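Q: Here's a structure for you.
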Amino acid sequence: MAPHIWIITSGILGNILSFMVYLAPLPTFVRVYKKKSTEGFQSIPYVVALFSSVLWIYYATLKPNAYLLLSINSVGCLVETIYIVIFLIYAPKKARILTLKLLLLFNFGGFLPILLLTHFLAGGSLRIHIVGWFCVGLSASVFAAPLSIMRLVIRTKSVEFMPITLSFFLTLSAVMWLIYGILLKDFYIAVPNILGVAFGIVQMILYVIYKKFKKDEDEDKEKQVLEPTGVQNDNKQQNFGANCEVGKDVNQHEQVETNNNKSMGSSHEIQLRASAV
């Protein structure tokens, strides 16, 4: 099979996998639409993703025959715009204002200066190199976003904030784009996806380690709970009052955990949103 066929194949597979990743938040926005509320979710992952897609589209227009790169990021722009519009419709006023400020910051404070400076002050291959380095920097920071989640997993010895299916498809997508970049001999596509593959593998290793740790811990707890019936009956009355007090703390803890889940999930979302290349 000719080398260019492998380039096309890896690019098409990268498009398919990235499209699946782009659709991952769809259930969240269906819920937002049904409940008419954003429920505290943040918009920054989608704004960053829109900025990333626009920047990669600009890079693709500077490269000859970069149709596969152009296609997936065009789809990404459309999908992220829809997500942001839905968010703006149902978000509270404060969140809407913040989202609009972020859009202005990333587009007029970020992309527009890059476009104007590279268009008027650089030309030919120099323009490609400058835009390429901006793309590498943005993608590298995006792929590094889940470091906070990995740190949380190690600290809590829990994988509840790390969905393995999403991590797997993100890693697979990074692998396809890495192969595409290597075969195309495009340094700017390949380099950030090396980080994507590396971080993806580390996430899955952590998942396997701490999933097993959690399972062993649960088994130990079950063994401790299995006490003789007489002892349980003697302790029931003593534990009842304590359980009532603990119940209040548990409810508060669950609320905090829910909020943490939304905020920590945003780091993973940022990686997800910009996973096209």
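The values are calculated or read from the model by the stated rules, or taken from the named source; none is laboratory data. Fair warning: this is a prediction, and the values are worked out from it, not measured in the lab. Glycine gets a Cβ as well: all are built from the backbone with ideal geometry, and neighbour counts include every protein chain shown.
Q: From the set of residues in the range 182-195 that are free of Cβ contacts under 8 Å to residues at least 24 places away in the same chain and not in a loop (DSSP other than H, G, I, E, B), which is surrounded by the most Cβ atoms within 10 Å (Cβ to Cβ)?
A: So, considering only residues that are free of Cβ contacts under 8 Å to residues at least 24 places away in the same chain and not in a loop (DSSP other than H, G, I, E, B), the one surrounded by the most Cβ atoms within 10 Å (Cβ to Cβ) is Ala190.
Q: Exactly one condition in (1) at pLDDT 90 or above; (2) closer than 24 Å to Leu13 by Cα is not met by Pro163; state its number.
A: Looking at each condition in turn, Pro163 falls short on (1).
Q: Give the residues of the range 85-94 that are closer than 21 Å to Ala24 by Cβ and surrounded by fewer than 20 Cβ atoms within 10 Å (Cβ to Cβ), sorted by residue number.
A: Matches in the range 85-94: Val85, Ile86, Leu88, Ile89, Tyr90.
Q: Does the range 70-83 contain any residue that is crowded, with 16+ Cβ neighbours inside 10 Å, among the aromatic types (Phe, Trp, Tyr) and over 30 Å from Tyr210 (Cβ atoms)?
A: yes
Here's the yes/no breakdown for (1) at pLDDT 75 or above; (2) exposed (fewer than 14 other Cβ atoms within 10 Å of the Cβ); (3) in contact with a helix residue (DSSP H, G or I) (Cβ under 7 Å, 6 or more places away or on another chain):
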| position | (1), (2), (3) |
| --- | --- |
| Pro146 | no, no, yes |
| Ser158 | yes, no, yes |
| Thr171 | yes, no, yes |
| Tyr180 | yes, no, yes |
| Val197 | yes, no, yes |
| Tyr210 | yes, no, yes |
| Asp220 | no, yes, no |
| Asn239 | no, yes, no |
| Ala242 | no, yes, no |
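Q: With the structure loaded, tell me whether Phe19 is over 23 Å from Tyr188 (Cα atoms) and surrounded by 16 or more Cβ atoms within 10 Å (Cβ to Cβ) or whether it fails that test.
A: When the stated conditions are applied, Phe19 does not pass them.
Q: State the number of residues belonging to the range 118-151 that are within 23 Å of Pro45 (Cβ to Cβ) and assigned to a loop (DSSP other than H, G, I, E, B).
A: The total comes to 3.
Q: Residue check, Ile12 against (1) closer than 23 Å to Leu166 by Cα; (2) surrounded by fewer than 17 Cβ atoms within 10 Å (Cβ to Cβ); (3) modelled with pLDDT under 90, all met but one. Which one?
A: Ile12 satisfies all of (1) closer than 23 Å to Leu166 by Cα; (2) surrounded by fewer than 17 Cβ atoms within 10 Å (Cβ to Cβ); (3) modelled with pLDDT under 90 except (3).
Q: Exactly one of these conditions fails for Val136: (1) in contact with a Ser or Thr (Cβ under 8 Å, 6 or more places away or on another chain); (2) modelled with pLDDT of 85 or more. Give me its number.
A: In the conditions (1) in contact with a Ser or Thr (Cβ under 8 Å, 6 or more places away or on another chain); (2) modelled with pLDDT of 85 or more, Val136 misses (1) alone.
Q: Moving on. Given the conditions (1) under 14 Å from Trp177 (Cβ atoms); (2) surrounded by 20 or more Cβ atoms within 10 Å (Cβ to Cβ); (3) hydroxyl-bearing (Ser, Thr, Tyr), report the number of the one that Ser43 does not fulfil.
A: Among (1) under 14 Å from Trp177 (Cβ atoms); (2) surrounded by 20 or more Cβ atoms within 10 Å (Cβ to Cβ); (3) hydroxyl-bearing (Ser, Thr, Tyr), Ser43 violates only (1).
Q: Taking only pairs six or more apart or across chains, which ones have beta-carbon atoms under 6 Å, a first residue in the range 123-143 that is under 16 Å from Gly110 (Cβ atoms), and a second residue that is of a type in the set (S, T, N, Q) and surrounded by 15 or more Cβ atoms within 10 Å (Cβ to Cβ)?
A: Once the first residue is under 16 Å from Gly110 (Cβ atoms) and sits in the range 123-143, its partners that are of a type in the set (S, T, N, Q) and surrounded by 15 or more Cβ atoms within 10 Å (Cβ to Cβ) give Ile130/Thr118; Val131/Thr118; Leu138/Ser52; Val142/Gln271.
Q: Show me the helices (runs of 4 or more DSSP H) found entirely inside the range 1-117 where at least 3 residues are within 17 Å of the chain's Cα centre (by Cα). If you could, list the steps in order and put the result at the bottom.
A: Values: elements: 3-22, 26-35, 44-62, 67-90, 93-106.
Filter on the range 1-117 gives 3-22, 26-35, 44-62, 67-90.
Q: Could you please find all residues in the range 52-69 being surrounded by 18 or more Cβ atoms within 10 Å (Cβ to Cβ) and not small (Gly, Ala, Ser)?
A: Val54, Leu55, Trp56, Ile57, Tyr58, Tyr59, Leu68, Leu69 - these are the residues of the range 52-69 that are surrounded by 18 or more Cβ atoms within 10 Å (Cβ to Cβ) and not small (Gly, Ala, Ser).
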